[in-house]
1. What ranking do 198-207, 291-300 get when scored by the average of other Cβ atoms within 10 Å per residue, highest first?
2. Relative contact order, percent, of segment 13-184 when contacts are C-alpha pairs under 8 Å separated by at least 6 residues?
3. Tell me, what HN-Hα J-couplings in whole Hz come from the Karplus equation 6.51 cos²θ - 1.76 cosθ + 1.60 at θ = phi - 60° for each residue of segment 246-255, using x for Gly and Pro?
4. How tilted is helix 258-267 with respect to the longest principal axis of the chain? Cα atoms for both, answer in degrees (0 to 90, nearest 10).
5. Between ARG243 and PHE337, what length comes free when the chain is fully extended (0.36 nm per residue of separation minus the Cα-Cα distance, one decimal in nm)?
6. Tell me the relative contact order for segment 22-76 as a rounded percent, counting alpha carbon contacts under 8 Å between residues six or more apart.
7. Among rounded, prolate and oblate, which fits segment 278-381 when a ≥ b ≥ c are the square roots of the eigenvalues of its C-alpha gyration tensor, a/c under 1.5 means rounded, and a/b larger than b/c means prolate?
8. Using 1/(1 + (r/R0)^6) with R0 = 25 angstrom and r between the beta carbons of LEU165 and ALA86, what's the FRET efficiency to the nearest 0.05?
Amino acid sequence: MTAPSSPAGGAITRVHVPLPGREYDILIGRGVAATAGTLVAERLKPARAALVTDENVAAAHAPAVADALEAAGIAVTRIVVPPGEATKSYGRFAEVCDGILAGRIERRDVVVALGGGVVGDLAGFAAASVRRGSAFVQIPTTLLAQVDSSVGGKTGINSPHGKNLVGAFHQPSLVIADTALLDTLPVREMRAGYAEVVKYGLIDQPGFFAWCESNWRGIFAGGPERDEAVAVSCRAKAAIVVRDEREDGDRALLNLGHTFAHALERITGYDGARLVHGEAVAIGLALAFRFSARLGLGPGQDASRVAGHLASVGLPTRLADVPGGAGDADALLDAMFQDKKVSRGALTFILARGIGQSFIARGIDAGDVRAFLADELAAGG
């Protein structure tokens, strides 16, 4: 199916995710959300939609999306949750599931997630669970969600034991990434999303990382560079997801920097006022490259280059950059052992032999990790 034209007059990029029996499109461009009703109606033909959003997005974007759905003949039930990582909880999950059921959403209908990664993860898990699986559409409103969490089918909520430990793989039927929605995003949230953009270059596309070094200002300003960055990121993630949908192999590469990041989020109590996910990822990326250099796997100059670029856009790169502190080495290590990537008590990291040369490193010695963290903390890192 061809991509539509944008109401704003710009080009729409179509990224296809060819999962057997669960294939879907990611449509990227300025103004594409205005066509959400037509797109959803043509592809899914639902009678009803549960529109899940948060209080911030509800005021800014939900009326236009609801109007677009209703204009296409789709009855809309709105479900509004508080913003922030704390919303990914058992209690809010139950509220969303009950809201979907109260809206008489059937399996032939659709759950639409309008928001950032929190809303997408929560609504997606609810869609996977209600009636044992309902159709699901993502309309991500943050850069981080457009390039990462809206693509690939990971859904879930947090537990007191760690982040994203309860959930399901449930692929969306469609992703509508309207890059114009990012125009009103606070700069802190743009920076946080940018950390995930950079990650794709660091995994296996050194040319894309170099492109980011030269073009990041255009991404932030909303020029054509933004659409390009979102499209490249989505293609990169889609290619990995198609190879390894359920993270049995290569998909783990997408967790570059995330073992450190998730530990930092747990240490800070998922308090977005102190640290949002993308900021934790930025610190995690810098730490992953410095740890790789410490183990003799990659050159120190690459670690410096990665940290230097992240810092140049205003992202944190050291443990000392965490407001209120990052705890001690033992607390961080304990948080890492709660990560989903722990296997039989052994830590798994994504490390790098250089920029664009990341690999899965299993069975990393906990003593080496603790010593590294202690040195980073002692050095003001």
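1. Going from most to least packed, we get 198-207, 291-300.
2. Numbers: 379 pairs, mean separation 44.4, N = 172.
26 percent.
3. 3J(HN,Hα) across segment 246-255, in whole Hz: 10, 6, 8, x, 4, 4, 4, 4, 5, 8.
4. 90 degrees
5. Details: separation 94, 0.36 × 94 = 33.84 nm, distance 2.69 nm.
Taking ARG243 through PHE337 to full extension adds about 31.1 nm, to one decimal.
6. Details: 42 pairs, mean separation 26.4, N = 55.
Over segment 22-76, the number comes to 48 percent.
7. Working: a/c = 1.64, a/b = 1.13, b/c = 1.45.
Oblate, because a/c is 1.5 or more while a/b does not exceed b/c.
8. Working: r = 15 Å, r/R0 = 0.61.
That pair, LEU165 with ALA86, gives E of 0.95.
Read-outs: derived from the displayed coordinates by stated rules, not from any lab. The shown structure was predicted, so the numbers you read here are calculated from the model rather than taken from an experiment. Because the Cβ atoms are built from the backbone with ideal geometry, glycine has one as well, and the counts that use them run over all protein chains shown.
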